[in-house]
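Colleague: Can you read through this structure? Questions will come right after.
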Amino acid sequence: MKILVTGVAGFIASKVMDLLLTRGDEVVGIDNINDYYDQRLKYGRLKELGFVYMPQVMGQVKDNIPFGVEMQSFKYPHGRFIRMSLEDKDALEKLFQREHFDKVINLAAQAGVRYSITNPYSYLQSNLVGFLNILEGCRHYDVSHLVYASSSSVYGLNAKVPYSEDDKVDNPVSLYAATKKSNELMAHSYSKLYGIKTTGLRFFTVYGPWGRPDMSPMLFANAIMHDEPIKVFNNGDMIRDFTYIDDIAEGTICALDHEPVAEQCPNGVPYKVYNIGCSNPVKLMDFISEIECACGKEAKKQFLPMQSGDVYQTNADTTKLETDCGYKPHITLHEGISRFMEWYKSDSNPLR
């Protein structure tokens, strides 16, 4: 199969691409490598996939990949990378026209709930305009199945737990969540109008090696290891459905391999949305304790009120994904934090 994966310099997509290449698929990965967070982490993930760009400039090695450059992986013979933005309609259309992808996994997006409050326009461009360009590519170039990233944040003010795909998601508390709900609506319309098979994945809190530096595991580990205070929002009274990266990546591929069947979907529309999480919510203070244990020292804690855009609890009901696609997370929090901290302390971590 030939598969396009977007956002491959990102946390989840880099692991998904690695698993696809390992099993023998031909994969083209794209990413704009923006500077939302430290680009060293993004280039490090690309290096793990076998993509290294090192031209000699004035006698010095530069790893800044120019837009439009196509690279072959030195690790996987069927892996290629192109620096490209989803918002670049012309470049993306030419890519679809040239490659004739069988399937697409769209994991590129402007991430971050809190960042959306101060930088709203970047979310509209990447998460809405960029997603529309992906849908148009799938429509015009006969892609059989589109899997795309939604988010648990779409549940917003929903007080019922665990969250079910059948719950209403009409009360987002951040623009980021609103764009993800919009993606689901856009995908449904394309599935209805053009028969494109689409599957949305509502990701719950993901952690593990190569995780984002703006998320709690990296923030906590970095602060603890440098004897700095960690910020504990809502005075620690929060619950999250933490899910290890390997489980998330494997679940994403399970969804890719199980295309929606129109006759088995409501109103005959080949469209599915699934929760993908661990279904084992953890108190924030217990999560911090696991990191303290792995670090070998206690955290200095700065207790703060709830932040705008945050929710008290996330808890995934993953029954549908398990039933339809065979998804089953298997990494415990203790094992996952141990693996994460082993990576964090190693030379593989470019931010250590």
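Colleague: Could you provide, to the nearest whole Å², the per residue accessible area of the chain with probe 1.4 Å?
Modeller: 44 Å²
Colleague: Compute the length gained on full extension between MET1 and ILE117: take 0.36 nm times their separation in residues and subtract their Cα-Cα distance, giving the result in nm to one decimal.
Modeller: Details: separation 116, 0.36 × 116 = 41.76 nm, distance 3.93 nm.
My answer for the length gained is 37.8 nm.
Colleague: Taking all protein chains as present, what is the carbon and sulfur share of the accessible area of the chain, in % to the nearest whole number, probe 1.4 Å?
Modeller: 51 percent
Colleague: Take the Cβ-Cβ distance between GLU70 and ASN267 as r, set R0 to 25 Å, and report the resulting FRET efficiency rounded to the nearest 0.05. Show your work: numbers first, answer last.
Modeller: Working: r = 41 Å, r/R0 = 1.63.
With a Förster radius of 25 Å, E is 0.05.
Colleague: In the chain, what percentage of the DSSP-assigned beta bridges are antiparallel, given to the nearest 5? List each step's numbers first, then the result.
Modeller: Numbers: 7 of 47 bridges.
Counting only bridges with both partners in the chain, antiparallel ones make up about 15 percent.
Colleague: Give the accessible area for SER73 in Å² (nearest 10); use a 1.4 Å probe, count only protein heavy atoms, and leave out ligands, DNA and RNA.
Modeller: The accessible area comes out at roughly 10 Å².
Colleague: I'd like the distance between the alpha-carbon centres of region 190-257 and region 276-352, rounded to an integer number of Å.
Modeller: 8 Å
Colleague: Okay, next question. Okay, helix-only estimate at 222 nm for the chain: each DSSP H run of n ≥ 4 adds -39500 (n - 2.57), divide by all residues, round to 500 deg cm²/dmol; what do you get?
Modeller: -10500 deg cm²/dmol
Colleague: Going through the cross-link list LYS15/LYS75; LYS2/LYS320; LYS103/LYS181; LYS42/LYS181; LYS168/LYS283; LYS103/LYS272, which pairs have a Cα-Cα distance over 18 Å in this structure? Could you put the intermediate results ahead of the total?
Modeller: On the way: LYS15/LYS75 14 Å; LYS2/LYS320 27 Å; LYS103/LYS181 22 Å; LYS42/LYS181 26 Å; LYS168/LYS283 25 Å; LYS103/LYS272 15 Å.
Beyond 18 Å: LYS2/LYS320; LYS103/LYS181; LYS42/LYS181; LYS168/LYS283.
Colleague: Which FRET efficiency value, to the nearest 0.05, do you get for THR332 and MET306 by plugging their Cβ-Cβ distance into 1/(1 + (r/R0)^6) with R0 = 30 Å?
Modeller: 0.60
Colleague: Right, next: Give the list, by residue number, of cysteines in the chain with no other Cys Cβ closer than 4.7 Å, or say none.
Modeller: Singleton cysteines: CYS138, CYS265, CYS278, CYS293, CYS295.
Colleague: Among ALA223, GLY200, THR252, whose Cα projects farthest towards the positive end of the dipole of region 196-259, with charges put on the beta-carbon of Lys, Arg (+1) and Asp, Glu (-1)?
Modeller: Of the options given, the answer is GLY200.
Colleague: Using the Cα atoms of the chain, I'd like the radius of gyration and the largest Cα-Cα distance, Dmax, both in angstrom.
Modeller: Cα radius of gyration and Dmax of the chain are 19.7, 62 Å respectively.
The values are calculated or read from the model by the stated rules, or taken from the named source; none is laboratory data. As the structure is a computational prediction, the values presented were derived from the model and not from experiment. FYI the Cβ positions are ideal-geometry reconstructions off the backbone, even for glycines, and counts take in every protein chain you see. We work out accessible area using only protein heavy atoms, side chains counted, and drop any ligands, DNA or RNA first. Shrake-Rupley method; radii C 1.70, N 1.55, O 1.52, S 1.80 Å.
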